[in-house]
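What follows is one structure encoded as structure tokens, with my remarks underneath.
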Amino acid sequence: NLQTTWKSTDEVLKRQQETKEILKQMAANEFQGQSDGRSLDDVDTDDEKDRAGAYEAWKGREMDRLRLEWLAQHGMTTLDLEEADVQVRRELDKTRTHSNSDS
């Protein structure tokens, strides 16, 4: 899965394919001793357009990776974590209900 903050996955995949085609054509031209005047700087990676969004997407991916790493180290799965979360929420609800009925 591709993660992006500002385009759909289809748009990102389309842009990646266009970039690959440009690079293939540039390599073929260079091999044949020709040039169309383009350079690698002409390839738009979109990284410069939204640095804050790119950082947030990276941070989210990194947090997910760290979470999965922690789970693996502790012999847990995401399902175990979700079940534990549900159990904690139920206990909190019971505590709230119990304390509200005492008032």
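Tabulated results
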| item | result |
| --- | --- |
| Simple spin-label estimate for Arg61 and Glu21 in nanometres, 7 Å along Cα-Cβ | 2.5 |
| Lysines whose Cα lies under 27 Å from that of Lys14, excluding same-chain neighbours fewer than 8 positions away | Lys24, Lys49, Lys59 |
| Förster-model FRET efficiency, 30 Å R0, Ala72 and Leu92, C-beta, rounded to 0.05 | 0.65 |
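Coordinate-derived values only; no laboratory data. Source: prediction; values computed, not measured. Glycine gets a Cβ as well: all are built from the backbone with ideal geometry, and neighbour counts include every protein chain shown.
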